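Everything on this sheet refers to the single structure shown next.
What follows draws every value from the coordinates through simple rules; no lab data is involved. None of these values were measured; they are calculated from a predicted model. Please note: Cβ atoms are built from the backbone with ideal geometry, for glycine as well, and neighbour counts cover all protein chains shown.
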Amino acid sequence: MLGQILGLLYAGIQVLLPCLPPTPLSSQSLLTHDKYLGDWYFVGVAAFDKESIAAYMGIDNSVAKLHKASDSSLLMTAALHQGDECKVLSWTYKVSPASDPIMKEGEQLGVAFDGKWVNCDSCLLLMKIDLEKGRFRIMLFARSQESREELLKSFKSKMECLEIDEFMISPQEKEFCKLDAAA
């Protein structure tokens with residue numbers, strides 16, 4: 001009940017302060033709704049500084065699969081086309097009702113947001129914070145690699161409103177790596 005009241009209060013504040021990010025998605029929503037599970041195409045990443053997105057430089061067409069692991073955590077497996085290589089990486093987001101909507105991925109914290117904030121019903125935003133290294137970034141994923149121009153314009157506009165002005169946008173010049181071998 002308290003969570004619902006806080007959600008309504010936050011929604012009201014968002015109307016007055018449009019730069020505020022949307023209400024975070026609960027990890028239970030991520031675990032139980034097909035809207036969020038499945039394949040996602042990496043569109044780009046934004047941060048306050050270049051160091052926070054340096055690892056993303058050189059990433060081209062990449063696809064990730066988000067699914068529920070057996071221990072009720074979220075598992076993201078991705079096939080990344082970086083340089084001339086295909087790399088398969090996985091991240092496990094530990095979900096705890098006590099810290100919902102914050103998920104833990106190793107030493108990093110993660111929070112997911114619905115793509116409606118960037119005018120994309122079929123998108124997902126994932127914010128990652130590395131407290132140890134002082135890094136903060138927001139990644140944008142879409143269900144399709146189509147119609148990127150308006151999406152990128154909206155994403156950049158929302159990030160710049162928050163004074164986030166470093167971007168790495170996937171150029172989409174190379175073929176996608178195979179994800180089926182990774183899943």
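Which one, W117, A142, L152, is farthest towards the positive end of the dipole of segment 112-165 when Lys and Arg carry +1 and Asp and Glu -1 on their Cβ? Highest projection toward the positive end goes to A142. Placing +1 on the Cβ of every Lys and Arg and -1 on the Cβ of every Asp and Glu, with nothing else charged, gives segment 19-169 a dipole about its Cα centre of roughly 280 debye. For F48, the residues whose modelled amide H falls within less than 5 Å of its own, excluding neighbours fewer than 5 places apart on the same chain, are F136.
If we count other beta carbons within 10 Å of each Cβ, what is the order of S52, S70, S29, fewest first? Let's see the in-between values first.
On the way: S52 23, S70 6, S29 15.
Neighbour counts put them in this order, fewest first: S70, S29, S52.
Arrange the peptides 79-87, 43-51 so that the one whose residues have, on average, the most other Cβ atoms within 10 Å appears first.
Details: 79-87: 16.2, 43-51: 19.1.
The peptides rank, most packed first, as 43-51, 79-87.
In order along segment 115-123, phi translates into HN-Hα couplings of x, 4, 4, 9, 6, 9, 5, 10, 10 Hz, rounded to whole numbers, per the Karplus curve 6.51 cos²θ - 1.76 cosθ + 1.60 with θ = phi - 60° and x for Gly and Pro.
The helix-only estimate of mean residue ellipticity at 222 nm for the chain, built from DSSP H runs of length n ≥ 4 each weighted as -39500 (n - 2.57), is -6000 deg cm²/dmol after division by the residue total.
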